[in-house]
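Worksheet: the structure to be examined is printed underneath.
Rule-based calculations on the coordinates, nothing more; no lab input. Computed from a predicted model, the values in this text were never measured in an experiment. Backbone-built Cβ (ideal geometry, glycine too); neighbour counts: all protein chains shown.
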């Protein structure tokens, strides 16, 4: 994947995730901020912060959540960023991490 394609797909993925988080914030105790190409998800109770950001040199999206780090690769077949170890998409893993943190089911 070239730099231009990665940037385009990463922007689409992060924008879609941000939109899903805005909807989820109406029902769950979380805030999201999408600026400078990175997405930050903040929680008041219990306090925490997750970060989702593109890493252009390696063509991955990195997620830091629940004291863990995840690295997503582009999957042509699924047309999504996928975690190789579990085959979860970016939205699936972030929803799971938020659900774990809040102790309630969150769907994105």
Subset tally (residues that are in contact with a helix residue (DSSP H, G or I) (Cβ under 9 Å, 6 or more places away or on another chain), surrounded by fewer than 19 Cβ atoms within 10 Å (Cβ to Cβ) and touching a residue at least 40 places away in the same chain (Cβ under 8 Å)) for segment 81-103
1
Is segment 36-52 home to any residue that is under 22 Å from residue 6 (Cα atoms), surrounded by fewer than 15 Cβ atoms within 10 Å (Cβ to Cβ) and in contact (Cβ under 8 Å) with a residue 40 or more places away in the chain?
no
Tell me whether segment 53-61 contains one or more residues that are under 15 Å from the mean Cα position of the chain (by Cα), surrounded by 17 or more Cβ atoms within 10 Å (Cβ to Cβ) and within 17 Å of residue 108 (Cα to Cα).
no
